[in-house]
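Please treat every number below as a calculation from the coordinates, not as lab data. Since this is a predicted model, take the numbers as computed values, not measurements. Note: ideal-geometry Cβ built from the backbone for every residue, glycine included; neighbour counts use all protein chains shown.
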Amino acid sequence: MSASHAVYALRLHIVLVTKYRRKALTPEILEALREALVEILEHWRWALIEFGGEADHVHLLVGIHPALNIATLINNLKSASSRRVRNRFPDHLRNFYRKPYFWHRAYYVGSVGNASLDAVKRYVEAQGTREKSRKATRRPPPA
């Protein structure tokens, strides 16, 4: 992806968990969540790359824009998706929550790249070593 003065490839793995880890997510709710998250993420200039979930949590793989504040946007993502799901499935969710709860306030977010962490570490550690080794093995010109 690119912007006016930057080229970037930023991807995050996000996990959102239902409040009290209640098993409130049915296949129908998961599909509604996926649709809502696509819309919400596009509004924030994010892209949903992959989505999956179980009865008590969801996983998102998203591509992000570098100018965005991750914590603020995840909280907005949780608020907007919660509101949409609670409005669409009020009877079902009433069985799990008396108050207008849906997501737990905590979340997981981790960066994801094409290369493994070890490969990137080795690459960073190796920076400058080729030039140093060349200089170290140079011999003075013959006199």
Divide by every residue of the chain the summed helix terms, -39500 (n - 2.57) for each DSSP H run of at least 4, and state the resulting mean residue ellipticity at 222 nm, rounded to the nearest 500 deg cm²/dmol. -13000 deg cm²/dmol
In sequence order, calculated HN-Hα J values of the stretch 5-22 (Karplus, 6.51, -1.76, 1.60; Hz; x Gly/Pro): 10, 8, 10, 8, 9, 10, 10, 10, 9, 10, 10, 10, 10, 5, 4, 6, 6, 5
So if R0 is 41 Å, what FRET efficiency would residue 23 and residue 67 give, r being the distance between their Cβ atoms, rounded to the nearest 0.05? 0.65
Can you pull a Stokes-Einstein diffusion coefficient for the stretch 1-118 at 37 °C (0.692 mPa s), Rh from Kirkwood over Cα pairs, as a whole number of µm²/s? 219
Size of the dipole of the stretch 19-94 about the Cα centre, Lys and Arg at +1 and Asp and Glu at -1 on the beta carbon, nothing else charged, in debye to 20? 440
Quick check: Cα centre of the stretch 84-131 to Cα centre of the stretch 18-72, how many Å? 9
Most to least packed among 94-101, 58-65 [average Cβ atoms within 10 Å]: 58-65, 94-101
How large is the charge dipole for the chain, taken about the Cα centre, if only the Cβ atoms of Lys, Arg (+1) and Asp, Glu (-1) carry charge, to the nearest 20 debye? 660
Can you give me the orientation-averaged projected area of the convex hull built on the Cα atoms of the stretch 75-117, in nm²? 4.5
Pair residue 107, residue 10: separation of 7 Å Cα→Cβ label points (nm): 1.4
